[in-house]
Amino acid sequence: MIDLHTHSRVSDGTLSPTELVSLAADRGVTLLSLTDHDCLDGIAEARAACAAAGIRFLPGVEVSTSWDKKTLHIVGLGVDPENAALQTGLARLQAVRDARGAEIGRRLEAKGIAGARAGAAKIAGEARLTRTHYARFLLEAGHVKDLQQAYKRYLGRGKPGHVSVEWASLEETLAWIHAAGGRAVLAHPLRYGFTRAWLVKILTAFKQAGGDAMEIVSGRSNPDEVAVSAHLAGRFELMGSVGSDFHAPSAWLQPGVETALPTGVKPVWESLPA
Ligand code: AMP
Ligand code: MN
Ligand code: MN
Ligand code: MN
């Protein structure tokens with residue numbers, strides 16, 4: 001069992017890095033990466049917990065990236081969390097995130113949702129505000145019946161609480177990850193809702209800009225999606241990664257991905273030093 005895409009309380013997960021590692025260990029994970037959104041604050045704790053549990057650990061981060069007015073998530077695997085270029089870049093994204101988080105709150109409050117910002121901030125605790133925190137607030141306050149509805153009605157593209165921001169450019173994201181010694185992985189390529197033609201455009205740009213890999217097995221992917229992804233990885237000469245995108249034990253998706261990479265796809269983790 002491997003998992004190279006997980007979240008902790010440091011961003012929009014609900015477990016501490018130590019609790020995440022313990023759950024992953026219980027489920028038989030032997031290679032783990034913590035990939036919080038735009039943030040490396042959980043790496044030291046996760047690394048120590050993995051060492052104690054006898055799990056191989058790769059420091060990671062999921063970088064919010066803007067490309068052609070779309071948001072892409074690029075996972076950096078095996079990054080040095082002390083790297084200055086990466087740290088400076090992520091600090092900028094965190095500032096963008098803070099301003100956007102406040103604006104989401106103002107817009108929801110203008111739509112009659114009282115206490116949105118304070119409510120989401122309370123759920124976020126020390127973490128930077130993400131839409132996930134707003135979604136959890138909307139659910140807890142009874143404005144929606146489940147998390148999906150929070151995105152559908154309030155937080156998704158074109159909805160009242162959606163605030164478009166300029167994240168890192170593709171070139172910046174790849175430069176930061178590579179400066180930090182990591183591999184750049186296009187996260188959950190089939191989950192953006194792009195048409196196949198757009199996905200091919202994005203993979204072309206990603207490969208040209210120096211991207212290294214793409215996720216082949218993502219938490220929810222079915223065998224057809226794995227086959228499509230493996231085909232695209234072959235076509236664009238990208239290595240493959242696997243990850244659950246785990247956020248919370250209450251959700252259906254748990255840490256650890258059993259499915260092996262299809263033959264012919266080179267595992268990205270084998271390209272990184274042990
Ligand atoms: P942000 O980076 O603040 O825009 O928040 C994005 C996060 O919201 C993602 O990483 C997911 O965890 C979550 N998210 C976005 N869309 C959905 C959705 N439709 N259903 C569930 N979670 C979502
Ligand atoms: Mn998330
Ligand atoms: Mn993502
Ligand atoms: Mn993620």
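The values are calculated or read from the model by the stated rules, or taken from the named source; none is laboratory data. Computed from a prediction, not measured in an experiment: that's the story for all the values here. Every residue, glycine as well, gets a Cβ built from its backbone with ideal geometry; the counts of neighbours run over all protein chains shown. What goes into the accessible areas is simple: the full protein's heavy atoms, side chains included, and nothing from ligands, DNA or RNA. Shrake-Rupley method; radii C 1.70, N 1.55, O 1.52, S 1.80 Å.
Could you run through the stretch 222-245 and say how many residues are of a type in the set (D, E, K, R) and either within 16 Å of ligand 4 (Cβ to nearest atom) or in contact (Cβ under 8 Å) with a residue 60 or more places away in the chain (or both)? Matching residues across the stretch 222-245 total 1.
Table: residues versus (1) polar (S, T, N, Q); (2) out of contact with any strand residue (DSSP E or B) (no Cβ under 7 Å at 6 or more places or on another chain).
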residue: E126; (1), (2): no, yes
residue: T130; (1), (2): yes, no
residue: D146; (1), (2): no, yes
residue: R153; (1), (2): no, yes
residue: R157; (1), (2): no, yes
residue: P160; (1), (2): no, yes
residue: L174; (1), (2): no, no
residue: V185; (1), (2): no, no
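Scanning the stretch 1-19 for residues that are aliphatic (A, V, I, L, M) and away from ligand 3 (no atom under 16 Å from the Cβ) yields M1, I2, L15. One residue stands out among those in the stretch 17-32 that are touching an Asp or Glu at 6+ places or on another chain (Cβ under 7 Å) and outside any helix (DSSP H, G or I): the one that is surrounded by the most Cβ atoms within 10 Å (Cβ to Cβ), which is L32.
When W176 is tested against (1) more than 24 Å from P273 (Cα to Cα); (2) away from ligand 4 (no atom under 16 Å from the Cβ); (3) of a type outside the set (K, R), exactly one condition is not met: (1). Cβ-Cβ contacts under 6 Å between residues 6 or more apart (or on different chains), taken from a first residue in the stretch 91-115 that is more than 16 Å from ligand 3 (Cβ to nearest atom) to a second residue that is at pLDDT below 95 and open to solvent by 60 Å² or more (accessible area, probe 1.4 Å), are listed as Q94/R128. Scanning the stretch 66-86 for residues that are farther than 14 Å from H162 by Cβ and either outside any strand (DSSP E or B) or more than 16 Å from ligand 1 (Cβ to nearest atom) (or both) returns D68, L77, G78, V79, D80, P81, E82, N83, A84, A85, L86.
For the stretch 180-216, filtered to residues that are over 15 Å from the mean Cα position of the chain (by Cα) and within 16 Å of ligand 1 (Cβ to nearest atom), the residue that is surrounded by the most Cβ atoms within 10 Å (Cβ to Cβ) is F194.
For the stretch 113-147, a tally of residues being modelled with pLDDT under 95 and out of contact with any Asp or Glu (no Cβ under 8 Å at 6 or more places or on another chain) returns 1. Write out, first by first residue and then by second, each pair whose Cβ atoms fall under 6 Å of each other, whose residues are 6+ apart or on separate chains, and whose first residue, in the stretch 146-157, is in contact (Cβ under 8 Å) with a residue 24 or more places away in the chain while the second is open to solvent by 70 Å² or more (accessible area, probe 1.4 Å) and not acidic (D, E). Pairs found: L155/R131. One residue stands out in the stretch 1-57 among those that are more than 22 Å from V217 (Cα to Cα) and among the β-branched types (V, I, T): the one that is farthest from ligand 2 (Cβ to nearest atom), namely T18. Scanning the stretch 217-274 for residues that are polar (S, T, N, Q), within 16 Å of ligand 1 (Cβ to nearest atom) and either in a loop (DSSP other than H, G, I, E, B) or open to solvent by 30 Å² or more (accessible area, probe 1.4 Å) (or both) gives S221, S244, S250, Q254. Report yes if some residue within the stretch 79-90 is within 16 Å of ligand 4 (Cβ to nearest atom) and in contact with a Pro (Cβ under 8 Å, 6 or more places away or on another chain); otherwise report no. Yes, the stretch 79-90 contains at least one residue that is within 16 Å of ligand 4 (Cβ to nearest atom) and in contact with a Pro (Cβ under 8 Å, 6 or more places away or on another chain).
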